[in-house]
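The values are calculated or read from the model by the stated rules, or taken from the named source; none is laboratory data. Remember, it's a predicted structure, so these values are computed and weren't measured experimentally. For neighbour counting, all protein chains shown are included, and Cβ atoms are generated from backbone atoms with ideal geometry for every residue, glycine included. Note: areas computed on protein heavy atoms with side chains; ligands, DNA, RNA excluded. Shrake-Rupley method; radii C 1.70, N 1.55, O 1.52, S 1.80 Å.
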Amino acid sequence: MMLRRGFILFLPRLVGLLVVACCLVSIVYMLACTPKGDNQQLALPRVHSPTAKEGYEAILQEQEEQHRNYIISLKKQIAQLKAELQARSEQLKKMQNQYPDPVDIRLDHSKPEKAQSNLLAFLRSQIDKAEVHSGVKLSTEYAVVPFESFTLQKVYQLETGLTRHPEEKPVRKDKRDELIEVIELAVGSLNNPEGPSNAKHHIYTASDFVEGIYRTEKDKGTLYELTFKGDTKHQFRKIVLFRPFGPVMKVKNENVNMADTLINVIVPLAKRASKFRQFMQNFREMGIRQDGRIHLTVVYFGKEQMNEVKLILENTSKSVNFKNFTFIQLNEEFSRGKGLDVGARFWKGNNVVLFFCDVDIYFTADFLNSCRLNTEPGKKVFYPVLFSQYNPSIIYGHHDSIPSLEQQLIIKKETGFWRDFGFGMTCQYRSDFINIGGFDLDIKGWGGEDVHLYRKYLHSNLIVIRTPVRGLFHLWHEKQCLDELTPEQYKMCMQSKAMNEASHGQLGMLVFKQEIETHLHRQKLSSKKT
């Protein structure tokens, strides 16, 4: 495809060069045929010379012969250029037929044979475009698409995903089925060699498979290289397979009007009035002033600090004339799942988007639109992966002061991580939440209720949209893991606490702080001696 597009770009230049060449030829021809001026008259024979007539005739004949030869030469050059242009045009046409552009591929049901032929030609061209038969020049080491390796039982991967395991049995069904299919296809190919052969050959099975490597180029396909045992100890059979990706096809083209789509932000809360004040500053700016299509439901457990929380709500309401909020008070032990469930069922208006949120979350107006765009009643629920902030005291410990909150919200590996093990922040229509059965109210305290709801959606026919989002942040706070938690909840809490503090490198600097200071001290003494 790159060759074809390159030639398409080169063709106008070639035509332009031909036009320029023809113009130059015409100019040269005109100059050559123009009679000489007075200052450049021919040295003609004298009039009274006895050979005057013969001299004139000889000179004219010579010039005529020169002009004739020159014209013949120009015609040959023009003919050669035309032939070259014709050859280039035929070459381009051949390439178009051989490698059709994905935009030109149409699944014309009236001509299924042609559509199938075009599609097969495109799929074959994907092999030529991918890095299969030869390497491709890359600008940096970051441009490399790495392989991952696999055996019959394990996959060895660089992108570990949610499991965090560099070595694992394929958990996802699509990945497991993919590798099984590839191994079976390779075994079948080995047992059915191409071409006539009467000689007996080894019957291969999956147990002969040694190892394989594979990688995916997102715009081309997946390359598999599989190695099997050969007939002797040091002999092997290698099979190379390629799964080409088809052309991009339009699925939907629609206008989406979210002007009247209301979001009900539900926040369960117990105490933590200072955190709620910080949350309301974010809510007032992003939710009320910038977005404006929002409702807030606070489900409060107990009475301690309740009046302070209610006062914060009332002050916000007065300052920006905001009336779209609900305060629900429950006289019982805090349960996140219970609070969210009560808040969702309390709503009596039309079907609304529910955003389950915590008090230590910061969101932007863009995120609220993402929340609307990725939910659809009866069809889609949204599970964003938020960016979790590290401990600012560690991140900015070498600075003179800690930056403001807005300046801290930067998505970098030094400042935080994608919280892909968390499922608490979610957007869904109220009707879907009610139909799925809501939260498991037997789960008390911290953790577990969000995973349970997430699994309910996964087991349903709804599409679960799971993606990192740039406008949703978990603000760092010191995590307390209470003794009242179950062993499983306590373990989850401690794992979350460890991951929240700092990056691997930053924690390493703290662990080896004494060694680093000793090294710096020795360097200082050494410089003084010299």
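Assorted remarks:
- Antiparallel beta bridges, as assigned by DSSP with both residues in segment 263-508, represent about 30 percent of the total such bridges.
- Restricting segment 473-522 to GluC sites (Glu not before Pro) in coil, as DSSP defines it, with at most 14 other Cβ within 10 Å: 478, 484
- Sum of side-chain charges, residue 498 neighbourhood, beta-carbon under 15 Å (Lys, Arg +1; Asp, Glu -1): +3
- Length-normalised contact order of segment 263-508 in % [C-alpha pairs under 8 Å, at least 6 apart]: 24
- Using the empirical formula 2.2 N^0.38 Å as the baseline, the Cα radius of gyration of segment 263-508 reaches a ratio of 0.99.
- Heavy-atom accessible surface of segment 178-332, averaged per residue, reaches 60 Å², computed with a 1.4 Å probe.
- Cross-link pairs beyond the 31 Å C-alpha cut-off, checked among 173/275; 412/528; 114/137; 303/413; 310/479; 413/529: 173/275; 412/528; 114/137; 303/413; 413/529
- Among 375, 518, the order of accessible area from largest down is 518, 375, computed with a 1.4 Å probe on protein heavy atoms.
- Exposure of residue 147 as accessible area (Å², to 10), given a probe of 1.4 Å and all protein chains: 70
- Segment 376-530 - percent of accessible surface contributed by carbon and sulfur, probe 1.4 Å: 55
- Ignoring aspartates and glutamates fewer than eight residues from residue 524 along the same chain, none have Cα atoms less than 14 angstrom from its Cα.
- Expressed as a whole percent, the accessible surface of segment 166-269 that belongs to carbon and sulfur atoms is 52, based on a 1.4 Å probe.
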